[in-house]
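Undergrad: First the structure, then my questions, so here it is.
Read the figures in this text as sums done on the coordinates, not as results from a lab. Since this is a predicted model, take the numbers as computed values, not measurements. When we count neighbours, we look across all protein chains shown, and the Cβ atoms used for this are built from the backbone with ideal geometry, even at glycine.
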Amino acid sequence: MSNTNQGPVTVLGLGMMGAALASAFVKNGNPTTVWNRSAGKADALVEQGAVFAPDIKEAIAASPVVVVCVSTYEVLNELVAGAATELKGKVVVNLTSGTPDDARAFAAWAEQNGVRYLDGAIMAVPQMIGLPQALIFYAGSQELYGEHEELLKLLAGTNVYLGTDAGVPLVYDLGLLSLLWSSLAGYFHAVALVNSAGVSAEAFTPFALTWIEHVITPAIPPSAQEIDSSSFETEVSSLAVNKAAIEHLVATSKQLGINSDFSASIQALIERRVAQGHGTHSLASLVEAFKQG
Ligand SMILES: NC(=O)c1ccc[n+]([C@@H]2O[C@H](COP(=O)([O-])OP(=O)(O)OC[C@H]3O[C@@H](n4cnc5c(N)ncnc54)[C@H](OP(=O)(O)O)[C@@H]3O)[C@@H](O)[C@H]2O)c1
């Protein structure tokens, strides 16, 4: 069924995320068939109007579009290996997280088995599914994506098609997760430091937010320009200056008995770039240190 948001859908996997996806379809009035290894997780959805199929093959047969969201690609591969015949000719929208190569291998399997495949990476928590602020990256055949764009809009207000390479959504996913973990880890390290001086996290947080707003966020677009043009000369803050400052951070953390591994790994990257003769470059040139492995 082309470019409609009303058609029948099957959802395989009703964990926290899969249940939220299925619920978005049910709320829109799509005939929704659900399957999960532990049947009990379907109860709330069945009350809302979904149909539970106890057998995965029966669930797949019920709809032309099959949305899958299980814990890992290992699980996904195991499930589809037992249902290849039923999946032939179906559209599979896989929203399971993994590595880019997991997605590429699954795309190859889909092609070999006559399955029409879209890979997606969800940049949202289950509570955001269906809301404008939810973002999902997709890849696969552009024609297939176009055919199902309206249906996929039920899951997220922002959908971004990234081309035919099935691995690319997970590259974006991992990039954004790297940003999430490193920025939050920086905040947690900062709190451990200020706690050592008797300052609570809540007292410190307004300054952290101002710092993010006025120093960190504005530094990102110029960094992107510097990186894309490989032009790292700066009048703001050089690697040589940062090398001295991060020595204070690592030394103070150690002295206070606070774990300094996170800061020491950044320090090592800065030191390497300075040793390579790039002391006058901006922090953005650390991207080159990352690329050196
Ligand atoms: N939750 C989030 O905020 C979030 C955000 C973005 C992306 N994701 C991704 O979405 C996917 C699902 O996450 P989730 O939060 O829904 O996880 P979850 O609540 O732990 O659910 C995991 C799902 O996988 C199924 N499963 C696990 N092992 C299985 C097996 N051997 N055979 C059959 N089914 C199996 C579970 O079935 P049972 O119920 O029977 O155990 C359940 O349906 C993950 O790849 C996750 O990275 C999640």
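Undergrad: With a point put 7 Å past each Cα toward its Cβ, work out how far SER230 is from ALA275 in nm, to one decimal.
TA: Placing both labels 7 Å along Cα→Cβ, they lie 2.3 nm apart.
Undergrad: I've got another one for you. If you look for lysine pairs in the chain that are eight or more places apart or on different chains, how many of them have Cα atoms under 18 Å apart?
TA: Working: LYS27/LYS41; LYS27/LYS153; LYS57/LYS88; LYS57/LYS90; LYS243/LYS254.
Lysine pairs satisfying the spacing and distance rule in the chain number 5.
Undergrad: Also, I was wondering about something else. Given bins 5 angstrom wide, list per bin the percent of all Cα-Cα distances in the chain, short to long.
TA: All Cα pairs, binned at 5 Å, distribute as 1, 5, 10, 13, 14, 12, 9, 9, 9, 8, 6, 4, 1, 0 percent.
Undergrad: Positive end of the charge dipole of the chain (Lys, Arg +1 and Asp, Glu -1 on Cβ, about the Cα centre): tell me which of PRO222, ALA110, GLY257 has its Cα farthest that way.
TA: Projecting each Cα onto the dipole axis, the largest value belongs to GLY257.
Undergrad: If one takes the longest principal axis of the Cα atoms in the chain, at what angle in degrees, from 0 to 90 and to the nearest 10, does the Cα axis of helix 142-152 lie?
TA: Helix 142-152 sits at roughly 80 degrees to that axis.
Undergrad: Which shape class applies to region 151-190: rounded if a/c is under 1.5, otherwise prolate when a/b exceeds b/c and oblate if not, where a ≥ b ≥ c are the square roots of the Cα gyration tensor eigenvalues? Don't skip to the end; give the middle numbers.
TA: Values: a/c = 5.12, a/b = 1.95, b/c = 2.63.
Verdict is oblate for region 151-190.
Undergrad: Please order TRP35, TRP211, TRP109 by the number of other Cβ within 10 Å, starting at the fewest.
TA: TRP211, TRP109, TRP35
Undergrad: Mind running the shape call on region 196-291? Use the C-alpha gyration tensor, a ≥ b ≥ c as the square roots of the eigenvalues: rounded below 1.5 for a/c, prolate if a/b tops b/c, oblate otherwise. Could the numbers behind the result be given before it?
TA: On the way: a/c = 2.58, a/b = 1.38, b/c = 1.86.
Judged from the Cα gyration tensor, region 196-291 comes out oblate (a/c at least 1.5, b/c at or above a/b).
Undergrad: What base-10 log of the normalised intensity I(q)/I(0) is obtained for region 82-182 from the Debye formula, alpha carbons as equal point scatterers, at q = 0.15, 0.17 Å⁻¹?
TA: -0.59, -0.75
Undergrad: Something else now. Can you tell me the FRET efficiency between THR217 and GLN127 if r is taken as the Cβ-Cβ distance and R0 is 30 Å, rounded to the nearest 0.05? It would help to have the intermediate numbers written out before the result.
TA: Working: r = 25 Å, r/R0 = 0.82.
After rounding to 0.05, the efficiency reads 0.75.
Undergrad: Further, regarding this structure: Mind giving me the FRET efficiency for ALA108 and LYS153? R0 is 35 Å, r the Cβ-Cβ distance, nearest 0.05 is fine. Provide the component values of the computation, followed by the final result.
TA: Values: r = 28 Å, r/R0 = 0.80.
The formula returns an efficiency of 0.80 here.
Undergrad: Report the convex hull volume per residue for region 9-164, counting only C-alpha atoms, in Å³. The partial results should precede the final answer.
TA: Values: hull volume 15.0 nm³, N = 156.
Per-residue hull volume (Cα only) is 96 Å³.
Undergrad: For a label point 7 Å from the Cα of ASP165 along Cα→C-beta, name the residues of region 116-157 whose backbone N is under 20 Å from it.
TA: Only 117-123, 136-145 fall inside the zone, counting backbone N under 20 Å.
Undergrad: May I ask you to compute the full-extension gain from VAL194 to VAL287, defined as 0.36 nm times their residue separation minus their alpha-carbon distance, rounded to one decimal in nm? Mind dumping the intermediate values first?
TA: Details: separation 93, 0.36 × 93 = 33.48 nm, distance 2.91 nm.
Length gained between VAL194 and VAL287: 30.6 nm.
Undergrad: Treating the angle as unsigned and between 0 and 90°, give the value, to the nearest 10°, between the Cα long axis of helix 217-229 and the longest Cα principal axis of the chain.
TA: Roughly 90 degrees between the two axes.
Undergrad: For region 70-141 and region 46-68, what is the centre-to-centre distance using only Cα atoms, to the nearest Å?
TA: 16 Å
Undergrad: Can you tell me the orientation of helix 100-112 relative to the chain, as the angle in degrees between its alpha-carbon axis and the longest Cα principal axis, to the nearest 10?
TA: It is inclined by approximately 20 degrees.
Undergrad: Do you know the relative contact order of region 1-149, to the nearest whole percent, from alpha carbon pairs under 8 angstrom that are 6+ apart?
TA: Details: 274 pairs, mean separation 33.1, N = 149.
Averaging sequence separation for qualifying contacts and normalising by length gives 22 percent for region 1-149.
Undergrad: Among the GluC sites (Glu not before Pro) within region 200-248, which fall in a DSSP loop and have no more than 11 other Cβ atoms within 10 Å of their own Cβ?
TA: Values: sites: GLU202, GLU213, GLU226, GLU233, GLU235, GLU247; in loops: GLU235.
Answer in residue order: GLU235.
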